[in-house]
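Notes follow once the structure below has been shown.
The values are calculated or read from the model by the stated rules, or taken from the named source; none is laboratory data. As the structure is a prediction and not an experimental result, all values here were calculated from the model. Cβ atoms come from the backbone with ideal geometry, glycine included; neighbour counts cover every protein chain shown.
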Amino acid sequence: MAETLPDSERPPSIDSLFDALSDRRRRVVVRYLIDRTDRTAHVGTLAAELCRAASADPGAFEATLRHVHLPKLADVGLVAYDEADETVRYREHPAVESLLETAAPTEREPVAAGN
């Protein structure tokens, strides 16, 4: 009989990964973190970098990051989000990295800052 892992140790299901990555802004967040040497960023820096290409207001996007996108990514274990010091760290997931690499050429438009 197979051993059952606690929820905290169980890898995310493919459905939950696809759900988390179904929003382009979340894919861009993950890609940005993957490309950083330390795979970590401050929420404000992340918002500013992602809004630069879209000429959008980082303040509005930062709120959406904090309340929607980062919690969603954290729930499936793709990032560790520390609300106290406002840092986000990518958690290694080779299948996600491969998927994002495959999808990258099809995503050329700037990121919209809304929810």
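A few notes on this one:
- Filter result for THR87 (in contact with a Ser or Thr (Cβ under 9 Å, 6 or more places away or on another chain), more than 24 Å from THR106 (Cα to Cα), of a type in the set (S, T, N, Q) and modelled with pLDDT of 90 or more): yes
- Of the helices (runs of 4 or more DSSP H) contained entirely in segment 36-92, those carrying at least 2 residues that are crowded, with 16+ Cβ neighbours inside 10 Å, in contact (Cβ under 8 Å) with a residue 12 or more places away in the chain and within 12 Å of the chain's Cα centre (by Cα) fall at 43-52, 70-75.
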